[in-house]
Amino acid sequence: LRRGYLLLTEVVAVVAAPSMAVLAVVAPHFVRGVYGPQWIGAVVPLQILCVGGYLRSLYHPGAIVAQSVGQVYQELWREVIYAALVIAGAAIGSRYGLAGVAAGVTAAIVYMYVACGHLALRATGATWAEYFRAQRGGLIASVAAGGVALSIRLLFEASGTSSGTITLAVLTAAAVPWIISLVWLL
């Protein structure tokens, strides 16, 4: 169970971290290109939620592990607290607009990441150090893919290219280090 959980964490991290990093980098052009300039106010909330998206993708396997070993009620209480934190975070954050709501929800996701991680690590006998080590490849891949994405974005922005073209170029270029990371993991 321990080995399987850490391997699943590694696979999820190498998929989720680069995808969230690239989405955060390309967000201004993705939103403008797909939804139009009237949606530009959604860019910063989307970028904040990219952090939450990565952590959210990792807490779900932890919840599954906890449930599989019979820690259903312990996981349930964490879910109840999480729901309350999402509501409170959104309510408090709403004073600061959509970015505030996104930050409040992401704060609740951070809680759930830690809470489900704790449950899964206790159930599997793994340590926090092992858990973070399992995420290392994903974080390295996110730096590589995010760096390529930012470089291409800035290069194309300087040439006055359209948002749709920038989005396509960034996604295409960032796929190279991402695929290399996936192959390296396998």
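Could you look at the chain and say what percent of its accessible area is carbon and sulfur, using a 1.4 Å probe and all protein chains?
Values: 6950 of 9570 Å².
Of all accessible area on the chain, carbon and sulfur atoms account for 73 percent.
Please give the length that would be gained between Glu130 and His118 if that part of the chain were fully extended, namely 0.36 nm times their separation in residues minus their C-alpha to C-alpha distance (nm, one decimal).
Working: separation 12, 0.36 × 12 = 4.32 nm, distance 1.23 nm.
Value of the extension gain: 3.1 nm.
Solvent-accessible area per residue for segment 1-90 at a 1.4 Å probe radius, Å²?
Working: 4560 Å² over 90 residues.
In whole numbers, segment 1-90 has 51 Å² accessible per residue.
Taking +1 at the Cβ of each Lys and Arg and -1 at the Cβ of each Asp and Glu, which of Val43, Trp184, Leu1 sits farthest along the dipole of the chain towards its positive end, judged by Cα position relative to the Cα centre?
Leu1
For the chain, just say rounded, prolate or oblate: build the C-alpha gyration tensor, square-root its eigenvalues into a ≥ b ≥ c, call rounded for a/c under 1.5, and beyond that prolate if a/b exceeds b/c, oblate if not. Walk me through the numbers on the way to the answer.
Values: a/c = 3.34, a/b = 1.39, b/c = 2.41.
Here the chain falls in the oblate category.
Would you calculate, for the chain, the mean residue ellipticity at 222 nm contributed by helices, counting each DSSP H stretch of 4 or more residues as -39,500 (n - 2.57) and dividing by all residues, to the nearest 500?
Working: 6 runs with 164 residues, N = 186.
Using -39500 (n - 2.57) per qualifying helix, the result is -31500 deg cm²/dmol.
Out of residues 5 or more away from Ala126 or on other chains, whose amide H comes under 5 Å of its own, with H placed 1.01 Å from N in the peptide plane?
Long-range HN contacts for Ala126: none found.
Taking 0.36 nm per residue of separation and subtracting the Cα-Cα distance, what length does fully extending Val72 through Ala158 add? List each step's numbers first, then the result.
Values: separation 86, 0.36 × 86 = 30.96 nm, distance 5.31 nm.
Gain in length upon complete extension: 25.7 nm.
What is the Rg over Rh value, at two decimals, for segment 117-186, using alpha-carbon atoms and the Kirkwood definition of Rh? Mind showing how you got there, number by number?
Numbers: Rg = 17.0 Å, Rh = 14.0 Å.
A ratio of 1.22.
The values are calculated or read from the model by the stated rules, or taken from the named source; none is laboratory data. Every value quoted in this text rests on a predicted model; they were computed, and no experiment measured them. Heads up, the Cβs are rebuilt from the backbone with ideal geometry, glycines too, and the neighbour counts pull from every protein chain shown. Side chains are part of the model used for accessible areas, which takes the heavy atoms of the whole protein and leaves out ligands, DNA and RNA. Shrake-Rupley method; radii C 1.70, N 1.55, O 1.52, S 1.80 Å.
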